[in-house]
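Undergrad: First, the structure itself, so that you have it in front of you.
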Amino acid sequence: MILLLLLLASPSLAYPIGTPLCPPGGIPSVFKKKCFLPVNLQTNFRNAEKTCAMFGGHLASITNRFDNNLLAYHLPSTVWIGGEVTDQGEWKWTDGNEMNFTNWAKNEPKKEKNYCMKLRGDEKWESGHCDDWAYFVCEKQARQVPQPFCPRAYKCFEGYTYIRFPAAKTWADAEKHCQSLKGHLPSIHSAEEEAFVESIVGTSAWIGAQLPPNSKEPVWSDGSEVTFKKWRYDGPDVHDFQSCVFLSASFDQGWENGLCNGTFPYVCKSPLNRP
């Protein structure tokens, strides 16, 4: 029991992203309702679920693509999550959530008894025999903490406000509008912020990066350092002209670059001015 506590709590063995919502090693879900807790221990599905239950949780259920992409980004290998086949041949989550969102790999899922669900690093789900050994991810409810002030009509994340504008503009016109609001098109600095912005846009949308001619290195319009990238393919297209970056609306969301005089909806990001 003590060993398992250490496995869940130790930053050296888990993923040290902790926030007021989650214990050390916890990854807050995009909508902040639960914490994902990766465990650096291999076991079968049943023992993994029992371990999660010891801490008042379950194996992770993934109910939207934003959490799916976020969790896959942080995991170095295939892991157990909380889906299993019932006696009736239907898949269910161990925590009782409806399985309204799925992201199965090609030729999946299997529906024979004693198959359980794994999440892969490519964000896809696969069926695995429940007696197989794998690392696993628990979930538990996030702590209830007072929510910081956020202006009406805005979304807030880590000290910044975000607001979506559905009218399509060129990159330059969108950036100019954001600057008039004392902000910029969004710079994105972590998988958590990426998932947050993805949850806002709902469609392809400009973000605040441009690529100089003949370069693969983006530059943020707000002047911040590039600390995170999520290209949809292996990397950006290289052009002999300046190109602009947009967040793709494809299911496997990521960044693409193209002509700056194309038009997309956009999000503006501004520092949060507290009352």
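Undergrad: Taking the Cβ of each residue in D234, D131, D67 as the centre, tally the other Cβ atoms inside 10 Å and list the residues starting with the fewest.
TA: With the fewest neighbours first, D234, D131, D67 line up as D234, D131, D67.
Undergrad: Give me, ordered by chain and number, the residues 5 or more places off F101 or on other chains with an amide H under 5 Å from its own placed amide H.
TA: none
Undergrad: Which whole-number value in Å³ per residue fits the convex hull of the alpha carbons of region 94-240?
TA: 195 Å³
Undergrad: Give the Cα extents of the chain along the principal axes, in whole Å, largest first.
TA: In descending order, the Cα extents are 56, 46, 33 Å.
Undergrad: Charges only on Cβ, +1 for Lys and Arg, -1 for Asp and Glu: so what's the dipole of the chain about the Cα centre, in debye to the nearest 20?
TA: Result for the chain is approximately 780 debye, rounded to the nearest 20.
Undergrad: List, in order, the whole-Hz ³J(HN,Hα) value for each residue of region 256-263 obtained from phi through the Karplus relation with A = 6.51, B = -1.76, C = 1.60 and θ = phi - 60°; use x for Gly and Pro.
TA: 9, 10, x, 4, 6, 8, x, 10
Undergrad: Could you calculate, for region 2-141, the ratio of the Cα radius of gyration to the Kirkwood radius, expressed as Rg to Rh?
TA: 0.94
Undergrad: What residues qualify as long-range amide H neighbours of W91, i.e. H under 5 Å apart, gap of 5 or more or another chain, H built at 1.01 Å from N?
TA: Answer set, sorted by chain and number: T86.
Undergrad: What do you get for the angle between helix 171-180 and the principal long axis of the chain? Use alpha-carbon atoms, 0 to 90 degrees, nearest ten.
TA: 90 degrees
Undergrad: For region 56-61, take each phi angle, set θ = phi - 60°, evaluate the Karplus expression 6.51 cos²θ - 1.76 cosθ + 1.60, and give the result in whole Hz per residue in order, putting x for glycine and proline.
TA: x, x, 9, 4, 5, 9
Undergrad: Next question, about the same structure. With θ set to phi - 60°, apply the Karplus curve 6.51 cos²θ - 1.76 cosθ + 1.60 along region 45-52 and write out the HN-Hα couplings as whole Hz, x wherever there is a Gly or Pro.
TA: 3J(HN,Hα) across region 45-52, in whole Hz: 4, 4, 5, 4, 5, 5, 4, 4.
Undergrad: Next up: What residue among L247, G159, P212 has its Cα farthest toward the positive end of the dipole of region 155-271, where the charges are +1 on Lys, Arg and -1 on Asp, Glu, each on the Cβ?
TA: The Cα lying farthest towards the positive end belongs to G159.
Undergrad: How big is the dipole moment of region 103-192 about its Cα centre under a simple scheme where the beta carbon of each Lys and Arg is +1, that of each Asp and Glu is -1, and everything else is neutral? Debye, nearest 20, please.
TA: My answer is approximately 400 debye.
Undergrad: Here's another thing I want to ask about it. Which whole-number percent is the relative contact order of the chain (Cα, under 8 Å, 6+ apart)?
TA: Value for the chain: 17 percent.
Undergrad: Go through V30, M99, N44 and say which Cα lies farthest out towards the positive end of the charge dipole of the chain; charges sit on Cβ, +1 for Lys and Arg, -1 for Asp and Glu.
TA: Positive-most Cα among the choices belongs to V30.
Undergrad: Normalised by the residues of region 155-271, what does the relative contact order come to in percent, with Cα pairs under 8 Å and at least six apart?
TA: Worked out over region 155-271, it gives 40 percent.
Undergrad: Relative contact order for region 18-166: what percent, with Cα pairs under 8 Å and sequence separation of 6 or more?
TA: It rounds to 30 percent for region 18-166.
Undergrad: I'd like the orientation of helix 65-74 relative to the chain: the angle between its Cα long axis and the longest Cα principal axis, in ° from 0 to 90, rounded to 10.
TA: Taking Cα atoms only, the helix is inclined about 80 degrees.
Undergrad: Modelled label-to-label distance, K33 and E98, 7 Å Cα→beta-carbon offset: nm?
TA: Output for this residue pair reads 1.2 nm.
Undergrad: Which cross-chain or sequence-distant (5 or more) residues have an amide H under 5 Å from the amide H of F36, H modelled 1.01 Å from N in plane?
TA: Long-range HN contacts for F36: I27, S29.
Undergrad: Sticking to Cα atoms, compute the Rg of region 155-271 to one decimal and its Dmax as the biggest Cα-Cα distance, whole number, in Å.
TA: Rg then Dmax for region 155-271, in Å: 12.7, 37.
Taken together, the values in this text are just the output of simple stated rules run on the coordinates, not laboratory data. None of these values were measured; they are calculated from a predicted model. Glycine also receives a Cβ, built like all others from the backbone with ideal geometry; neighbour counts cover every protein chain displayed.
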